[in-house]
Structures are given as C-alpha cells and as structure tokens.
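We did not get these values from a lab; they are worked out from the coordinates using the rules stated. Bear in mind the structure is a predicted one, so any value in this text is a computation, not a measurement. In this analysis, Cβ positions are derived from the backbone assuming ideal geometry, glycine residues included, and neighbour counts consider all displayed protein chains.
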Amino acid sequence: MNSAPVIRPASGEKVTLTYWAWLKDLQNVCDIWNAKNPNVQVNAVWIPGGNGGGYQKMHSALAAGGGPDLAQIELRTIPEFMLVNGLVDLARYGAKDYADRFDKTLWGQVSFVDGVYGIPQDSGPMGLYYRPDLLQKVGADAPKTWDDWAATAAELRKAKIYIDCFPLADPSWFTAVATQAGASWLKVDGDSWTINMTDDATLNTARFFDKAIDKDLVTTAYAGFSTPWFAAAAADNIATLTSASWGDALLEGVSGGKGKWRVAAMPTWPKGGYGSSYIGGSTAAVLANSKHPKEALEFAIWMQTSKEGIDALIKNCGIGWSPDRDYIGKQREQPSAFFGGQNYNEEVFLPATHEQNPDWSWWPITQQSFNILADGFRKKSSGGTLVDAVAQAEKNIITAFRNKGLSIRKVES
Amino acid sequence: MTSTVSATRTRTPSSSLRGKSQHRKRMWAPWALLGPFLLLFILTFALPIIIAIGESFTKVTRHGIFGEKGVTTEFAWFSNYAQALANGNFIASIGRMLLFGVVQVTVMIAACTVLALLLESASARWPGFFRAAYFLPYGIPGVIATILWSFLYVPGLSPLIDIAGMFRIQLDFLGAGTVLWSIANIVTWTYTGYNMLIIVAQLKAIPTDVYEAAKVDGAGPWRVARSIQLPLIRPALVLTTVFSIIGTLQLFAEPQVLQSVAPAIDSEYTPNLSAYTTAFAYNDYNVAAAQAVLIAAVAFILSFTFLRLTNRSSK
C-alpha cells in the first residue's frame, strides 16, 4: 500500500473524512475546522478506548478492506498497526514539512526508517504529585532524587503512609522510569530488530524497586488511579504519585483532595539518565484504506498545532499534553485552584518535555511485551525479583518476535 | 440461504413423480419454517466454527521489520496448537479452571440441591418468595455483579474488611491466593438460584402418589429426601453439573472486570481470557483459534467423562 502511487488531493469536489477516536466531544473540535473548510468535512465517530475495543474494531475494519480515514492510535501501538500494513506513510504526503512544529521526542516515536506513521496528538510528560502536609509530618519536602525518595518513603512508613504504589500488573510505569534512567529496549538496525533489556539503566531500576518493595517502601496491592488507590489517597495513606501530566484531571477525583496536592519535578537518578519521562500519548493516524490521505494529514496538522485546535481539544476532549513545540494551550498557562494556585503546567511539565529520553522507540508487539513483563512482575509477590523478570521477559519477547516471523537479535550494551 | 434453496431444488425433481405441485408445497413448507433458524445457525454458529478450525491450521509469517517485505500465509499443520500448548500461561489457566470447577461446581450443586429440597419440603414457609429471592442474582448481568462484589472486596471501601480489621483479622480478597475464590463466590452467588430452579422443576414433576406411598410406609422427611427425591432429580443434577462444567471453562466476564482492582489477575487468567488476549491484543487470530478449539475439546472431554461416570454408576 505504501508502495502504490500517491493519492492526489481531490480538486474542487467536496470530501468527507471519517475520524474514529475515543476522545469525548471531538465533533465540537471538528466543527471548528468544518466551518472554515467547506470542501473537507470531518465526521468524528466515537469508539471504545484502545485495547478496550477500539483497536479490535480498527483491525476488523482494516481486514475487511474498509475503515475510517483517521483514527486515534496510541504512540506505542503505531508499530502494531504497521505490522498489518494498516497505516499510510505520511512522509509521502509531506508530513516531514511539519516536523519542526512538534516535540522532537514525540516526532521520533512516530517516525520509523524513512516514514512518518501518525501525527502526535497528546502525550504525558512525567512529574511528581505530592502532598506537602503528609511529607511535612516526617519533615520532608518533595524528593529530588530517587535516593531521597527512598529515604522519605522509609520515614513515611513509620507514620503508616506509603510514598507511592508500584504497579506489578501494568509495567508501563516501570518502563517509563527505566526510560528515564536511559533505557532504550528495542531499535531497528538495518533489516532486523535489536533488543537490549538488560542494560545497566534497566537493571539498576529493577534492583532499586526490588529493594523498595522488599523493604515495604511502596505498596504493590494496587496501581495508581485504581479504585483502591482512590480510597487510600482519600484516607491520607498515599503521600506522592509519580505520574504523567494527564494525571492532574484524575487526581481531582480524589475525594477531599482539593488544595492538598502540589506538583514537583520527577525524582532523578544519581548518574546519567534524564530529568523526566513519559507515560501514554496518542496520535491521529491515517488508516490504509483512506481515499484522501492528503486532506486527512492537513486536518490532523491543523488540529494538533493550531492554537484554536489545541485549545478546543483541551476544552472539549481533555487531551493530555499537547505535542506542539510552542503552545501548551491557554487553559494550561493559568494557575490551578485544585493545586493550591500552583501554575504547575508551566512550572513542572513544560520543562519536563525538554528532558525526556529521545532515543526510545516502540515496537510491533508492545502490548504482548508488557503482558510478558507483567507476568514476570507478578511473581514478585511470591518471591521472584524484578531483575529476573526483566531478563526472562527479554527471552520471551525474542520468542514472540520470531513467532511472528520478525527477525530480532540481542545486543549487549 | 443459498444452501437451503439449492437443497430444495435438488430434492424436488427426484421425488416429484406424481402430485407434483402438492408435493412440492409439502417439501417446501418444512424448509421455509426451518429457514430462519438454519440461516442464523449456519451464519452465526456452524460457519464461524468451521472458519475457526481452518484458521487454527493456518500460519501468517511476515518478513522485514514491519512485514513490509511480504506476508506469507501457509498451511501450518499443528504448529499453532504446539504454540498454544507451549504457552505456560494458557496451560496454567486450564489447570486453574479445573481446580475452580472441582471446588465451585461441587459447592454450588450441593447448595442448590439443599435449597431446592428445603423449598419443596412440606414445612417450607413462603416458598414462592424465597424461590424468587434466590433466583434474583441470576437476573443481574455478570459484569454488574462483579462490580457490586468488588466494592465488598476492595480494601478501603469494603465494610467486611473494616469489620474484620476491628477484630484484628486481616482479610485480603484480591491477593494472588484468594482472588480465584472471590471469583468463585460471585459465580456461586449468581448461578445457585438458577440451578436451584431447574431442580425445583424436576422435584415438582415427581408424582404425588410416590410421596403418599412413602408416607404410608412411614418415611420421614429425611428418608423421603434421600430415597425418593434425590434419586428422582438425578437427571436435573447431571444436567446442571454438565452446564456448570462448561460454564466454568468459559469463565470470562468476572475475571475481566475484577482485573481492574486485582493486580493478581493476569491477561491469561482463564482459558477464554487467554484466547481473547491472543486474538485481540496480540492480533494472532490463528493461535487464538487453536486455543479456542482446545478449550472446546477440553469442555467436551470433561462433560463426556462426567456423563460416562454417572451413567456407569447408575447401572
């Protein structure tokens, strides 16, 4: 499909684009575009979120030779859709001309070999949400390094408070923290994939949290933003949460939490690594059977990089961090009442976007790899270690790649 | 539709030597009546099964970094089955369901039998009310039931855990060792009333003269239950047990929903969850089809074995 001739833009006649996404009220955003572009009308259709049913729907549509023009696909899922030849290479329609409008790290995550396979829509730079009142109890401030974090956690345990939770069942958090330390697990090298999950950055991160869990510094009973987590947070049993920028909206769901939380920079690793990391983030991708890829690309660029598009996406859909290099959105330039008047977006998350690991790239079986990793992490509760889990996961991921017929080899750091 | 039409057409000439029009009408009627059923049966049942079996013997191989250098589809013999069986999580999920079945089905069948006998005993008060009350949970969809129960399982929300905590008892409903039985509890709560109703129906079918004869012979309620009711509801018990065995292997909604609050439930906790994950998260429909065929085979073997055992012991 990406070797077939480029489809030329429609000249003159009216074009209707269909856009599948799980963002709420997306049509309101499209309507702003529609009013200005009578010849390219965009019709938003709501689908269930990602692995909750949306991707299944897209895969079925692609298999049947149909599907929408545009679809919301998470950054980490882009390669999975490339594997079924489901995405249009937008570089062939001039996407690279817009590269300098986007955050470099995110643009890197939609670029593979010479192509561009999605237009970044939002992301989740990470920071540390914390409760000054609870940290005060043990005379601590927001921890600046992970060592500080561990020391504060030990003090908090004496007051029966956990500093945070460690999600065993969802390794995306561990992955984000290892990425911060400098890990870069999979890469394309010529005709083959290379994997390296046993580098120092990953193993040191695993060792650090092995120790933290063994010493009961973090709880593994639940993950952030799960029902039990909200109950624990409301009961003042959780002092901090290292999470993505989109966590702010979720945090507002903690009952009685207003005014109690603040945001600080993510704790850092002693040597090497980056100031922050990222969890989540999605793109607007053009699906393989679109008849109007050029128009779809133009709409996506308008939506993600124009001020009115970004503001409308934040207001109507509550998207995560805008991928635009220069504009974070009007709403986010203002202080927040929930965070006690702190102007945390400009103060914490904006600088965080400049301190992310730019080398990370996703791979075609990300979801399966995360499940493999989670299977290993769950053994932690019965005596296993995260270090062993990572090493074993690397072997299983290699097998899973080969079962798909993809070539992969292990490289040493 | 095509198959029904062609079936009618091929049959008519051979058997329409005399009374042509009348005969044709008679031949046509059963097919017309069966048509809607057959159409749905073939399209939504027979065809998917055939396609799934076909898929389970197919393998798709991609070349290059993203399959850009070509995709080959070939007949793979049993390699998908080998891959499914080599997956430790899938085998573990079947083992888990066997353990679950042995405990949960036994408890549930015993409970529903006792309830049915109590409700049908002569001294039962308001049997109609209690029958409806016990049956009520079945009317609540599994997903909703799981959400309801999860509020009793989650620490910080559950009054049960709080009360136990007052007596210094640590309850953990969602731990790696306990969550399976928390699911069993939800399943038992949902289906006991339903199975009870099947047994009650069978109990009601016992002729009253059998009871009268027993009374004349001086049998008390215990004796009636043991020697008359239990042997006569045997077919209902066998039926409910077989349904429960099949239902156990197909467990899906409860663990899927509970997953969000119980980190111990992995993406391949039950055989059906495993097949679902393989198909829709890993996009590997071929191995998923092989898993589905294997699950069906295990359900068939278990049900058949159970029927064999009960038939033998009754002889």
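Hey, could you grab the Kirkwood Rh for segment B:236-315? Inverse mean 1/r over distinct alpha carbon pairs, Å, one decimal. It would help to have the intermediate numbers written out before the result.
Numbers: mean 1/r = 0.0711 Å⁻¹.
Kirkwood hydrodynamic radius for segment B:236-315: 14.1 Å.
Return the equivalent ellipsoid semi-axes of segment A:247-289 as a descending list in whole Å, where each equals the square root of 5 times an eigenvalue of the C-alpha gyration tensor. Before the final figure, lay out the partial values.
On the way: eigenvalues 169, 112, 6 Å².
Semi-axes (√(5λ), whole Å): 29, 24, 6.
Take the alpha carbon atoms of segment A:92-173, find their radius of gyration, then divide it by 2.2 N^0.38 Å using N residues; give the quotient. It would help to have the intermediate numbers written out before the result.
Numbers: Rg = 20.0 Å, N = 82, 2.2 N^0.38 = 11.7 Å.
Its radius of gyration relative to the 2.2 N^0.38 Å reference: 1.70.
Find which of B:246, A:135, A:55 sits farthest along the positive direction of the dipole of the protein assembly as shown, computed with +1 on the beta-carbon of Lys and Arg, -1 on that of Asp and Glu, about the Cα centre.
B:246
Please work out the FRET efficiency for the pair residue B:243 and residue B:170, using the Cβ-Cβ distance as r and a Förster radius of 41 Å; give the result to the nearest 0.05.
Working: r = 37 Å, r/R0 = 0.89.
That pair, residue B:243 with residue B:170, gives E of 0.65.
For segment B:104-237, count all C-alpha to C-alpha pairs, find those more than 22 Å apart, and express that count as a whole percent of the total. Could you put the intermediate results ahead of the total?
Values: 4505 of 8911 pairs.
Beyond 22 Å sits 51 percent of the P(r) for segment B:104-237.
Using the alpha carbon gyration tensor of segment A:143-201, what are the three equivalent-ellipsoid semi-axes (square root of 5 times each eigenvalue), largest first, in whole Å? Mind dumping the intermediate values first?
Working: eigenvalues 217, 31, 10 Å².
Sorted largest first and rounded, they come to 33, 12, 7 Å.
Based on the Kirkwood radius over alpha-carbon pairs, what is the Stokes-Einstein translational diffusion coefficient of segment B:65-172 at 4 °C with 1.567 mPa s viscosity, in µm²/s?
Values: Rh = 19.7 Å.
This corresponds to a translational diffusion coefficient of 66 µm²/s.
How long are the three semi-axes of the equivalent ellipsoid of chain B, in whole Å, if each is the root of 5 times an eigenvalue of the C-alpha gyration tensor, listed from largest down?
Each semi-axis is √(5λ); the values are 41, 37, 18 Å.
Apply the Kirkwood formula to segment B:44-112: the hydrodynamic radius equals the inverse of the mean of 1/r over all pairs of different alpha-carbon atoms; give it in Å with one decimal. Please report the intermediate quantities before stating the final value.
On the way: mean 1/r = 0.0646 Å⁻¹.
After inverting the mean inverse Cα-Cα distance, the result is 15.5 Å.
For chain A, find the longest principal axis of its Cα atoms and tell me its angle to the long axis of helix A:54-63, 0 to 90°, nearest 10.
30 degrees
I need the peptides A:171-180, B:26-35 ranked by packing, meaning the mean over residues of other C-beta atoms within 10 angstrom, with the highest value on top.
Details: A:171-180: 24.0, B:26-35: 12.0.
Ranked by mean Cβ neighbours within 10 Å, highest first: A:171-180, B:26-35.
Quick one: what does P(r) look like for segment A:1-160 with 10 Å bins over all Cα pairs, in whole %?
Per 10 Å bin, starting at 0, the Cα pair percentages come out as 9, 27, 28, 14, 13, 8, 2, 0.
Mind putting together the pair-distance distribution for segment A:207-255? All Cα pairs, 5 Å bins, whole percent per bin, short to long.
4, 18, 29, 24, 14, 8, 2
I'd like to know which of A:119, A:195, A:205 lies farthest towards the positive end of the charge dipole of segment A:114-206, counting +1 on Cβ of Lys and Arg and -1 on Cβ of Asp and Glu.
Projecting each Cα onto the dipole axis, the largest value belongs to A:205.
Given points 7 Å out from each Cα along the Cα-Cβ axis, report the residue A:331 to residue A:315 separation in nanometres with one decimal.
0.9 nm
Which entries in the list A:404/B:69; A:24/A:258; A:24/A:315; A:14/A:36 go over 18 Å, if you measure between the two C-alpha atoms of each?
Details: A:404/B:69 13 Å; A:24/A:258 25 Å; A:24/A:315 10 Å; A:14/A:36 13 Å.
Violating the 18 Å limit, Cα to Cα: A:24/A:258.
About the Cα centre, and with charges only on the beta carbon of Lys, Arg (+1) and Asp, Glu (-1), how big is the dipole of chain A? Nearest 20 debye, please.
Values: 39 positive and 44 negative charges, 124 e Å.
Here chain A has a charge dipole of around 600 debye.
With runs of 4+ DSSP H residues as the only contributors, calculate the mean residue ellipticity of chain A at 222 nm using -39,500 (n - 2.57) per run, divided by the residue total and rounded to the nearest 500. All intermediate terms of the calculation are to be shown ahead of the outcome.
On the way: 15 runs with 145 residues, N = 413.
-10000 deg cm²/dmol, from helical runs alone.
Specify the inter-centroid distance of segment A:304-379 and segment A:38-80, based on alpha-carbon positions, in whole Å.
Computed from Cα coordinates, the inter-centre distance equals 21 Å.
Among the listed pairs A:260/A:330; A:158/A:211; A:187/A:410; A:144/A:330, which have their C-alpha atoms separated by more than 19 angstrom in this model? Write down the numbers at each step before the final one.
Numbers: A:260/A:330 24 Å; A:158/A:211 17 Å; A:187/A:410 11 Å; A:144/A:330 29 Å.
From A:260/A:330; A:158/A:211; A:187/A:410; A:144/A:330, over 19 Å: A:260/A:330; A:144/A:330.
Averaged across the residues of A:57-63, what count of C-beta atoms belonging to other chains lies within 10 Å of each residue's C-beta?
Numbers: counts 1, 0, 4, 1, 0, 0, 2.
Average per residue, whole number: 1.
What number does the protein assembly as shown give for Rg over Rh if you use C-alpha atoms and the Kirkwood radius? List each step's numbers first, then the result.
Values: Rg = 30.2 Å, Rh = 29.3 Å.
Ratio value, two decimals: 1.03.
Please compute one quarter of the surface area of the Cα convex hull for segment A:175-263 and express it in square nanometres.
Values: hull surface 30.6 nm².
Value for segment A:175-263: 7.7 nm².
Report, to the nearest 10°, how far helix A:366-378 tilts away from the longest principal axis of the Cα atoms in chain A, using its own Cα long axis and a range of 0 to 90°.
It works out to around 20 degrees.
State, in angstrom, two size descriptors of chain A derived from its alpha carbons: Rg to one decimal place and Dmax to the nearest whole number.
Expressed in Å, the Cα Rg and Dmax of chain A come to 21.7, 71.
Just name one of B:187, A:151, B:255: the one whose Cα is farthest towards the positive end of the charge dipole of the protein assembly as shown (beta-carbon charges, Lys/Arg +1, Asp/Glu -1).
My answer, from the dipole projection, is B:187.
Tell me the volume per residue, in Å³, of the convex hull enclosing the alpha carbons of segment B:212-261.
Working: hull volume 5.1 nm³, N = 50.
Roughly 102 Å³ of hull volume per residue.
About its Cα centre, what dipole magnitude does the protein assembly as shown give when the only charges are +1 on Lys and Arg Cβ and -1 on Asp and Glu Cβ, stated in debye to the nearest 20? Intermediate results must be reported in sequence, preceding the final value.
On the way: 61 positive and 57 negative charges, 685 e Å.
Here the protein assembly as shown has a charge dipole of around 3280 debye.
For the protein assembly as shown, what is the percent of antiparallel DSSP beta bridges, rounded to the nearest 5?
Antiparallel: roughly 70 percent of the beta bridges in the protein assembly as shown.
Taking R0 as 30 Å, what FRET efficiency do you get between residue A:189 and residue B:72 from their Cβ-Cβ distance, rounded to the nearest 0.05? Mind dumping the intermediate values first?
Working: r = 23 Å, r/R0 = 0.78.
Efficiency at R0 = 30 Å is approximately 0.80.
Please work out the C-alpha center-to-center distance from segment A:214-230 to segment A:101-126 and express it in whole Å.
31 Å
Roughly how big is chain B's charge dipole about its Cα centre, with Cβ charges of +1 (Lys, Arg) and -1 (Asp, Glu), in debye to the nearest 20?
Details: 22 positive and 13 negative charges, 340 e Å.
Roughly 1640 debye, rounded to the nearest 20.
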